[in-house]
Amino acid sequence: MNEETPAEIRVEVPPEFGEVYSTDGERQWVERRHRISVRILQACEGKLFEVLEDEKAFQKLCENMGQVFTDWTIEGDSGPLPKPWQNPKAFVALADSDYELLMWVWNLTFMSVAELLDQKN
């Protein structure tokens, strides 16, 4: 695994996901890289629910999301989830933990940096 990550932007898990995504008064967060190639965007396109039903397509989506998300503090019922950078298993763990949060994270892939920065304010 490459230890070096590209420039990223941190986004907190929104309050509508509840206090379960707060740790010691701090919201859990994900970091997404600033630049995302067309190739990765095309690979992440589609309806996520349909991809979840196709094991090969889901594995490929997880690999591509591992190129988009550099870090997070997301926890499931059993504790911290694996770190996402270049780690497809992290997204499998997220899918097994919280489908709605997986949808939110996946949608961050398609948001512009300006939209992400606007969410922080």
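The values are calculated or read from the model by the stated rules, or taken from the named source; none is laboratory data. Predicted, not measured: the structure shown is a model, and the values here were computed from it. Every residue, glycine as well, gets a Cβ built from its backbone with ideal geometry; the counts of neighbours run over all protein chains shown.
Cβ-Cβ under 6 Å, sequence separation 6+ or interchain: first residue in the range 48-63 and without any contact (Cβ under 8 Å) to a residue 24 or more places away in the chain, partner aromatic (F, W, Y). Which pairs?
Close Cβ pairs satisfying both conditions: V51/F58.
Can you tell me which residues in the range 65-88 are under 18 Å from E4 (Cβ atoms) and in contact with an Asp or Glu (Cβ under 9 Å, 6 or more places away or on another chain)?
Across the range 65-88, the qualifying residues are F69, T70, D71, W72, K83, P84, W85, Q86.
Which one of G76, G46, G25 is in contact with a Ser or Thr (Cβ under 9 Å, 6 or more places away or on another chain) and either more than 25 Å from Q119 (Cα to Cα) or surrounded by fewer than 16 Cβ atoms within 10 Å (Cβ to Cβ) (or both)? Break it down stepwise before answering.
Details: G46 fails: in contact with a Ser or Thr (Cβ under 9 Å, 6 or more places away or on another chain); G25 fails: in contact with a Ser or Thr (Cβ under 9 Å, 6 or more places away or on another chain).
Exactly one of G76, G46, G25 is in contact with a Ser or Thr (Cβ under 9 Å, 6 or more places away or on another chain) and either more than 25 Å from Q119 (Cα to Cα) or surrounded by fewer than 16 Cβ atoms within 10 Å (Cβ to Cβ) (or both), namely G76.
Return the residues of the range 89-121 that are among the small types (G, A, S) and within 16 Å of A57 (Cβ to Cβ); say none if nothing qualifies. Before you say what the answer is, go through the steps one by one.
Let us first name the residues in the range 89-121 that are among the small types (G, A, S), namely 90, 93, 95, 97, 112, 114.
Selection gives A95 alone.
Which of the residues belonging to the range 64-83 are closer than 20 Å to V20 by Cα, at pLDDT below 95 and touching a helix residue (DSSP H, G or I) at 6+ places or on another chain (Cβ under 6 Å)?
Correct list: G76 only.
Quick check on the range 45-60. Is at least one of its residues touching a Leu at 6+ places or on another chain (Cβ under 6 Å), within 20 Å of D98 (Cα to Cα) and either polar (S, T, N, Q) or not in a strand (DSSP E or B) (or both)?
Checked the range 45-60: at least one residue is touching a Leu at 6+ places or on another chain (Cβ under 6 Å), within 20 Å of D98 (Cα to Cα) and either polar (S, T, N, Q) or not in a strand (DSSP E or B) (or both).
Under 6 Å between Cβ atoms, which residue pairs at least 6 apart in sequence (or on different chains) link something in the range 84-103 that is modelled with pLDDT of 95 or more with a partner that is β-branched (V, I, T)?
Partner pairs satisfying both residue conditions: W85/T5; W85/T70.
Just name the residue that is nearest to E12 (Cα to Cα) out of those in the range 78-109 that are within 11 Å of the chain's Cα centre (by Cα) and aromatic (F, W, Y).
Residue satisfying both the conditions and the ranking: W104.
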